Structures are given as structure tokens and as C-alpha cells.
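Enquirer: Next up is a structure, given as C-alpha cells.
The values are calculated or read from the model by the stated rules, or taken from the named source; none is laboratory data. Note that the structure is predicted; figures quoted are calculated from it, not measured. Neighbour counts run over all protein chains shown; Cβ positions are idealised from the backbone, glycine included. Protein only, heavy atoms only, side chains kept; ligands, DNA and RNA dropped before computing areas. Shrake-Rupley method; radii C 1.70, N 1.55, O 1.52, S 1.80 Å.
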Protein chains: 2
Amino acid sequence: MEIQIMFRTTLTAAVALATAIAGPALANDELREYANELFEPIPLSTPDLDGNMVTRQRVDLGAMLFFDPRMSRSGLFSCQSCHNVGTGGVDGLETSIGHGWQAGPRNSPTVFNAVFNIAQFWDGRAADLAEQAVGPVQAGVEMNNTPERVIDTLNSMQAYVDAFAEAFPGEDDPVTFDNFALAIEAFEATLTTPNSRFDQFLMGADTLDEQELAGLEAFIDQGCAACHAGVNMGGQDYYPFGLVERPGADVLPEGDRGRFAVTETAMDDYVFRAAPLRNIELTAPYFHSGVVWELEEAVAVMGVAQLGADLSEQEISDIAAFLRTLTGEIPEVVHPVLPPRTADTPLPEPM
Amino acid sequence: MEIQIMFRTTLTAAVALATAIAGPALANDELREYANELFEPIPLSTPDLDGNMVTRQRVDLGAMLFFDPRMSRSGLFSCQSCHNVGTGGVDGLETSIGHGWQAGPRNSPTVFNAVFNIAQFWDGRAADLAEQAVGPVQAGVEMNNTPERVIDTLNSMQAYVDAFAEAFPGEDDPVTFDNFALAIEAFEATLTTPNSRFDQFLMGADTLDEQELAGLEAFIDQGCAACHAGVNMGGQDYYPFGLVERPGADVLPEGDRGRFAVTETAMDDYVFRAAPLRNIELTAPYFHSGVVWELEEAVAVMGVAQLGADLSEQEISDIAAFLRTLTGEIPEVVHPVLPPRTADTPLPEPM
């Protein structure tokens, strides 16, 4: 209920804004002013976390866990498999492939800037990145592991035991599944992509060309910014996919009713978290179904489904050009060196 | 034929040496002297390659290719999947899992120091790392791709086209499958692990404790060094597995006749390249079959199969302790940032 109201309020504000700026193209500084009311640059430094300390020890441990395929039952998958730091924080597949070559139900969202989302997963079923991290580890179609087996694996290697003790000082029993999740969250909080050309524009630099400026104006004018706003250009609220016109079953498969599965309330039928648009040029394919590979096509689909707008080719091209200015600086990640297994480490079970 | 003669010569020399040093434990410096006749430290700098230039441009391009899952048909596997730089250059599986969750026929050998091997693969069927690199990319049970599809993928992304031009300057058509292999070889040549405690010992430092020294002496004395010598402590010659006594079918599956498949000569039946022992504590499970998980057990199996020696528990423990001194400095690898796909990039085909 609250969400629906929030959504309507935001939309009304955006429509008012769109009306205000209709007409001839705005001057750079006016557009910048409007944009700064809707959007926010990604900070250059790692954000603080509620209930978690982003210490160097915790981040380094989190990196080890993020990259360690022994966190999966098969020994084949790590967080990195589906949230590849080299490819925009995603796997570039329609839906992810997991244990036993099973296809997952949804496209894997990017880990980059995920710390700025209001909640995690396409349906927001995890409150934060720590809660998210424990999902795929246990999911039968993903890493297919159990908390007990993860803890046994970690306890079998002294370097992990030591790293947990350093990352969670003063705790009697630091090697826990909760701390596993907190360490991964701390690492993932460092995976932000500041200083995109758009962020530089927001801060006052003239980093966008004419088409990109026209795209930004259309993005606001057409109402895209009603849902895709804030620091992450989305990821803040939940909206029905097909608000105006429901897309075809290829784009919106009937069996996946989105947030309905979380809240079991009718108004959440086919409701999803608005996708964050940061680095969108790196994160194809698009939508929770992952069936749209071209950014221009995704913009067109959104126009019809969410705004009832049959965007012109020029507008689509302009908006896509603007969206490509959202690509930020990719974090430099040194591949962690993982401790060797011991006689106590559970054997991989791929079959 | 030449190989067999080389083997006998080496073995004879080793046996002579073993006889010479039988009796009371050697003084540190005498043992070091013997050891320096058989082994060689890994150089601190990246080795030169025949027919390939290890330029920064070529290494950086090679790192991109090594880590890019789009080099596989499914979009799921890269070289890194089976030769993980975080886990000793291997995947830690009995045999690797590839396209469609197929189990490969053999345990994946480490990429670390592979540049020092006489040839690549367990049966030496690739002359060098460049020739090796094109194998798994095309193997149906591994990455299941084709050279044409790899080239189409690379040509679809301008950053790759530019990187090939910089790595292969002056070439009219630098984006070729041969250059793909050369770039990967150049990157892999940087994946060496110098400065192990044993290498420091070879250079004159007293870095080994009493048990490790006893293990080194036993390693030479018992004849292990006949096959596991040189800079890579192995990887230089081919030997029948089961030279003295053929191991059980679990360790030596009857269907895999090793180098026989390459040369089709009877004397190569069940012949394999002697495993390089560098970083052996990181590269379990052991043997081409990957069924032995404990280093001590692997030493015992080798004693019986290759030397006809029923090593005592103490000897096995000493040799294993020595082998753990072969762990060197793991190269620091920054995960490369890969270019985004374009409309021309072939779609992943996981199914």
C-alpha cells in the first residue's frame, strides 16, 4: 500500500516536472538543476553499512568468499560466476546456469552499486546484501550448498579461521554463516562505480554531448525518471511490469509473478523492483526474464509497458545514448589467493 | 624412443646419486649441492618464449581472453574456470566440469609454471601453451566453441580489436585464432611462482627444517627425482604410470591409455608426462584421474607404482613435508575489465 502511494507521488512529481520542462530544449545548467533534483552521483568512497563494519579485514575476507568456488556444493560456482566483476557485475546470460546445468528463473542482477538498492533480488525479498548473499549459496538451482557444509569447509582451512577472527574481532565463534554473509556484504559494498560522465555532469562538468543531453531531457520528460531515480537510477521502489500495457509472455513470463511471491498480496502481482540503470550498457540482457539484448529495444519496451508512450526512434536513440553515460569507473579487483583445502575439507560433489 | 632413453639415463644417474648419498643424513650444504644438480629455482622474472613476445600489451590482452567466459559457447566458462589463479591454477575437481555439465576425462593441470613444461596436457599432445590454449576452447566437453565463433565474438567488440592491434603491431589482420593463443600464452608465462622455501634453500638460505631436509633426501634417495627434476620438479619427460606395479583401475582407469593416443606406439601405453610438483599442496586432487586427495597418499601410490618401494610412514610424511616447501609466491592478478558485448556479439548458447 505504502509502495503504491510512494509510486504515485513520485510519478505525479515527475509528470509535473515533465510538463514544466516541455517545449524547447533546456539550457545545460537548467537541465543540470532538474537532474540534480532527481538523481545523485555515486560517492567516490565506499558507503557505510547499517549493522556492518567495512574494515579492510572484512572486505578482504569477503573477497575470498566471493571468489571461492568451494562455497558451492559442486566446487564449480562462486558469487563471481553470476556476478562477474569483469563483465559489469553480471554473467551476461539470459538466466544464470547453476548446479547440474540448471537454468535459474531470473536474469542475475549486477553486484555493482547493489549496495545502493533499497532491497536485493528482482522482487526485493532480501533486505540487504548480507541477506542476499546466503540465498544463492543454498538455492538448489544455483550453488546448492548448506550453511553447515559452508561452515565445515571454512573451518577446515586455518587461513579462513584466522581471517574470520580478524574480521570479527572479539567474537568467541567468528566462523558463522551470518558472518560469512556480512563479510561478503562488506566486499560488495566496495564494488561501486563512481565518476561516470553523467555523475560528472551532475557535479557541474560539461561531459555530455548534445544527443546525450537530449536523451537525459527525454528520460525526465517521458517519465522514466519516475521509477529510475536516486543514486542508482532505480532500485528504490517496486512497480508492476506492464503498468500501462503488459508486455508479451516472452518478456514477462506468466509463471513469474514477481513480488507477489514475497508478499502474497494481489497488488504485488507482476511487481518487480525497478532495475537500477547504472552501467546499463554493460549488463545485457535486460529485464528479469533476460530476453532483450539491445538497450534500444529495452527502452522501447519500457516506453510502451510502463509509460504508454510510443517513443520515436530518435527519442529511443537519445535515451539509450544518455543511458550509456551512466557507465562509471569499474573497481579494480585483485583476484584473492584462496587457502588450500585440507583433509577435513568436504569434497566437491558435482554429481 | 628418445624419450625412453632419456628416462633410463636420468634414472641411472639418479640411482647412482641415491647410492652415493645412502647412509647417514647429509650435511645441509652437501644436500644442497646434490639438490642443485637435479633441481633449479624458478626465476624471479617472466621467462622468454620461443616464437612469442611477452609484451605488456600481449600479456594484458591474454589476461582478458583468459578470464572472458564469452570465449565459451555457453558464456559460462573461461580458462580461469578450470585453471583458477586463486586456487593453485587448478579447479580442485576430480575431473573438470564442462559444457552441459559434462565431466572431462582428466584432472585439470595447473597453469602455474606450466610455461616450464616440455609440452602441455597430461599426454604432452600440445607442444606449448599457445597450442594448449586452443584445445579446451574447442573441446565439446569443455568450452565447446569454434575458432570462427571466437573470432566473431572478438571482432564484435572494438576494445578487443584495438587490443589485438596493439599486441600484434604491424599485422594486417591481427584478430586471428593463432594470435588469440599467443596472447593467452604470454599471459600464462607470467603465472610463475618463484621464491618457494625450497628455491631459497637451493640458493643458499637455510629455509628448510629437519623433517623437510629428510624429505628432500628421501625424495632423491628413493628415486622420485629421476622423473620429478628440473625447474618444475617434473613436466619434462614421459613415463609409464605403473612402471613397476600398475595401480588399481580407480587411479589408472583402463580406458585412458595416455600418450598412446598421441603417438599410437605400444611403448607409450599408459604413459603420461611426469606431473610437475611445484605448489603441489595447492593442486589436489592428484594424478590424471584426480581420485587421490591427500598428498601423503599420492606419495605412497607413486612409491609402489613407479619405484617398487613400500615407503615407511615416516618417509612418506617427510617427503610430503618437503613437497610442501615447493609452494612459491602466487602471482598477483588484477581481474581484467572486459569490453561490453555489442549487437554483433554472438549470443551465449548454454543449451
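Enquirer: Can you find a residue that is open to solvent by 30 Å² or more (accessible area, probe 1.4 Å) and touching a Phe, Trp or Tyr at 6+ places or on another chain (Cβ under 7 Å) anywhere in region B:118-127?
Expert: Keep residues of region B:118-127 that are open to solvent by 30 Å² or more (accessible area, probe 1.4 Å), which gives B:118, B:121-122, B:125, B:127.
Next, from what is left, pick out any that are touching a Phe, Trp or Tyr at 6+ places or on another chain (Cβ under 7 Å): B:122.
Yes - at least one qualifying residue is present in region B:118-127.
Enquirer: Among residues belonging to region A:129-145 that are surrounded by 22 or more Cβ atoms within 10 Å (Cβ to Cβ) and away from chain B (no Cβ under 14 Å), point out the one that is farthest from residue B:74 (Cα to Cα).
Expert: The extreme case among them is A:130.
Enquirer: Okay, moving on. Across region A:86-105, what is the total count of residues that are assigned to a loop (DSSP other than H, G, I, E, B), at pLDDT 95 or above and more than 8 Å from chain B (Cβ to nearest Cβ)?
Expert: 4
Enquirer: Looking at region A:19-44, which of its residues are at pLDDT below 95 and either farther than 30 Å from residue A:221 by Cβ or not acidic (Asp, Glu) (or both)?
Expert: Answer for region A:19-44, where residues must be at pLDDT below 95 and either farther than 30 Å from residue A:221 by Cβ or not acidic (Asp, Glu) (or both): A:19, A:20, A:21, A:22, A:23, A:24, A:25, A:26, A:27, A:28.
Enquirer: Which one of these does residue B:195 not meet: (1) open to solvent by 20 Å² or more (accessible area, probe 1.4 Å); (2) in contact with a Lys or Arg (Cβ under 9 Å, 6 or more places away or on another chain)?
Expert: Exception for residue B:195: condition (2).
Enquirer: Starting from region A:203-214, keep only residues that are more than 19 Å from residue A:44 (Cα to Cα), then list their pairs with residues that are surrounded by 11 or more Cβ atoms within 10 Å (Cβ to Cβ) whose Cβ atoms are within a distance under 6 Å, requiring at least 6 positions of separation or different chains.
Expert: That search, which allows pairs on different chains as well, returns A:208/A:201; A:208/A:325; A:211/A:318; A:211/A:321; A:212/A:321; A:212/A:322; A:212/A:325; A:214/A:318.
Enquirer: Also, I was wondering about something else. Could you list all residues from region A:317-347 that are of a type outside the set (Ser, Thr, Tyr), within 14 Å of another protein chain (Cβ to nearest Cβ), more than 26 Å from residue B:332 (Cα to Cα) and open to solvent by less than 50 Å² (accessible area, probe 1.4 Å)?
Expert: Passing the criteria: A:320, A:323, A:326, A:346.
Enquirer: Counting only residues that are in a loop (DSSP other than H, G, I, E, B) and basic (Lys, Arg), how many does region B:195-210 have?
Expert: Total meeting the criteria: 0.
Enquirer: Out of the residues in region A:88-99 meeting the condition of being more than 13 Å from the chain's Cα centre (by Cα) and touching a residue at least 40 places away in the same chain (Cβ under 8 Å), tell me which one is most open to solvent (accessible area, probe 1.4 Å). Talk me through it step by step, then tell me what you get.
Expert: The initial filter retains those residues of region A:88-99 that are more than 13 Å from the chain's Cα centre (by Cα), namely A:92-99.
Keeping just the survivors that are touching a residue at least 40 places away in the same chain (Cβ under 8 Å) gives A:92-96, A:98-99.
Working: A:92: 23, A:93: 4, A:94: 88, A:95: 28, A:96: 14, A:98: 3, A:99: 22 Å².
Among those that are more than 13 Å from the chain's Cα centre (by Cα) and touching a residue at least 40 places away in the same chain (Cβ under 8 Å), it is A:94.
Enquirer: In addition: Quickly run through region A:221-233 and pick out the residues that are buried (at least 23 other Cβ atoms within 10 Å of the Cβ) and assigned to a loop (DSSP other than H, G, I, E, B).
Expert: Once the filter is applied, which keeps residues that are buried (at least 23 other Cβ atoms within 10 Å of the Cβ) and assigned to a loop (DSSP other than H, G, I, E, B), region A:221-233 yields A:227, A:228, A:229, A:232, A:233.
Enquirer: Determine which single condition residue A:213 fails, assuming it passes every other condition in (1) modelled with pLDDT of 95 or more; (2) assigned to a loop (DSSP other than H, G, I, E, B).
Expert: (2)
Enquirer: Anything in region A:293-308 that is open to solvent by less than 20 Å² (accessible area, probe 1.4 Å), away from chain B (no Cβ under 12 Å) and touching a helix residue (DSSP H, G or I) at 6+ places or on another chain (Cβ under 7 Å)? List them, or say none.
Expert: Across region A:293-308, the qualifying residue is only A:299.
Enquirer: Could I ask something else about it? Based on what the data block shows, is residue A:181 more than 23 Å from residue A:42 (Cβ to Cβ), under 18 Å from the mean Cα position of the chain (by Cα) and of a type outside the set (S, T, N, Q)?
Expert: Yes; evaluated as a whole, the condition is true for this residue.
Enquirer: Starting from region A:66-85, take each residue that is at the interface with chain B (Cβ under 7 Å from one of its Cβ atoms) and at positive phi and list its partners that are acidic (Asp, Glu) and open to solvent by 10 Å² or more (accessible area, probe 1.4 Å), counting only C-beta distances under 8 angstrom and pairs at least six apart or across chains.
Expert: The qualifying pairs are A:75/A:349; A:75/B:91.
Enquirer: List pairs: first residue in region B:263-289 and without any contact (Cβ under 8 Å) to a residue 24 or more places away in the chain, second residue open to solvent by 10 Å² or more (accessible area, probe 1.4 Å) and in a loop (DSSP other than H, G, I, E, B) anywhere in the structure, Cβ distance under 9 angstrom, at least six positions apart or on different chains.
Expert: B:265/B:1; B:265/B:259
Enquirer: Take residue B:204 and decide whether it is open to solvent by 10 Å² or more (accessible area, probe 1.4 Å), small (Gly, Ala, Ser) and farther than 21 Å from residue B:123 by Cβ.
Expert: yes
Enquirer: Can I ask one more? Out of A:269, A:209, A:173, which single residue is surrounded by fewer than 17 Cβ atoms within 10 Å (Cβ to Cβ) and in the same structural domain as residue A:83 (by the TED database)?
Expert: From the options A:269, A:209, A:173, the qualifying one is A:173.
Enquirer: Moving to a separate point now. Does residue B:309 satisfy the criteria of being more than 30 Å from residue B:164 (Cα to Cα) and free of Cβ contacts under 8 Å to residues at least 60 places away in the same chain?
Expert: Taking the combined requirement at face value, the residue does not satisfy it.
Enquirer: Right, here's the next one. Could you tell me which of the residues A:286, A:238 is closer than 20 Å to residue A:126 by Cα and either open to solvent by less than 50 Å² (accessible area, probe 1.4 Å) or within 14 Å of chain B (Cβ to nearest Cβ) (or both)?
Expert: A:238
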